[in-house]
1. Between Leu100, Leu77, Leu49, which is open to solvent by less than 80 Å² (accessible area, probe 1.4 Å) and more than 17 Å from Thr5 (Cα to Cα)?
2. Select from the stretch 58-72 the residues that are open to solvent by 60 Å² or more (accessible area, probe 1.4 Å) and touching a helix residue (DSSP H, G or I) at 6+ places or on another chain (Cβ under 7 Å) and write down the one among them that is farthest from Ile42 (Cα to Cα).
3. Which residues, taken from the stretch 80-97, are touching a residue at least 40 places away in the same chain (Cβ under 8 Å) and open to solvent by less than 50 Å² (accessible area, probe 1.4 Å)?
4. Taking only the stretch 10-24 into account, find how many residues are surrounded by 15 or more Cβ atoms within 10 Å (Cβ to Cβ) and farther than 16 Å from Leu83 by Cα.
5. Regarding the stretch 98-114, can at least one residue be identified that is of a type in the set (S, T, N, Q) and touching a residue at least 40 places away in the same chain (Cβ under 8 Å)?
Amino acid sequence: MSVATVLLFDQAVFAGQFLSGTFGALHTHRENATYAGIAVLIAGGTAILLRWPGRGPLWPALACLGLFGLIALQIVLGFARMLTVHIPLGSAIILLAVLLAVQAWRRPAPHEPQEDQT
């Protein structure tokens with residue numbers, strides 16, 4: 001998730017470069033969107049492994065799936081040049097990615113030892 005977060009943050013940098021007059025940055029912005037989406041899918045795959053067989057929580061896999069859906073919508077909005085939605089949605093995506101990355105690096109709460117029921 002950390003790699004995906006950096007790639008998503010870079011999206012804002014490339015968009016800013018484009019708006020500042022570096023027109024080649026638009027191509028980089030478009031290509032990086034693909035890599036960011038792939039990175040979120042890979043994070044989702046590892047979240048599935050965390051759940052099965054790792055017996056971890058299900059919510060990280062669902063969060064990655066939802067984030068990927070937002071990225072797909074973001075790509076569609078970008079190609080449609082609907083910047084009034086594209087820009088704030090991009091900011092929200094970056095925020096969600098940061099929150100997921102922070103959560104991924106947090107230590108899980110220790111488990112209570114189970115008493116023997118025999």
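1. On the way: Leu100 fails: more than 17 Å from Thr5 (Cα to Cα); Leu49 fails: open to solvent by less than 80 Å² (accessible area, probe 1.4 Å).
Answer to the selection: Leu77.
2. Going through the stretch 58-72, the residues open to solvent by 60 Å² or more (accessible area, probe 1.4 Å) turn out to be 58-59, 62, 65, 68.
So of that shortlist, the ones also touching a helix residue (DSSP H, G or I) at 6+ places or on another chain (Cβ under 7 Å) come out as 58, 65, 68.
Working: Leu58: 16, Leu65: 10, Phe68: 10 Å.
Looking at the filtered set, the residue picked out is Leu58.
3. Across the stretch 80-97, the qualifying residues are Gly90, Ile93, Ile94, Ala97.
4. First pass over the stretch 10-24, keeping only residues surrounded by 15 or more Cβ atoms within 10 Å (Cβ to Cβ): 10-12, 14-15, 17-18.
Applying the additional criterion that residues be farther than 16 Å from Leu83 by Cα yields 10.
Residues that pass the stated criteria total 1.
5. Pass one, the stretch 98-114, residues of a type in the set (S, T, N, Q): 103, 114.
With touching a residue at least 40 places away in the same chain (Cβ under 8 Å) added as a condition, the list becomes 103.
Among the residues of the stretch 98-114, at least one is of a type in the set (S, T, N, Q) and touching a residue at least 40 places away in the same chain (Cβ under 8 Å), which makes the answer yes.
The values are calculated or read from the model by the stated rules, or taken from the named source; none is laboratory data. These figures come from a predicted structure and were not determined experimentally. Cβ coordinates were reconstructed from backbone atoms using ideal geometry, including for glycine residues, and neighbour counts include every protein chain displayed. Keep in mind that these areas ignore ligands, DNA and RNA; they rest on the heavy atoms of the full protein, side chains included. Shrake-Rupley method; radii C 1.70, N 1.55, O 1.52, S 1.80 Å.
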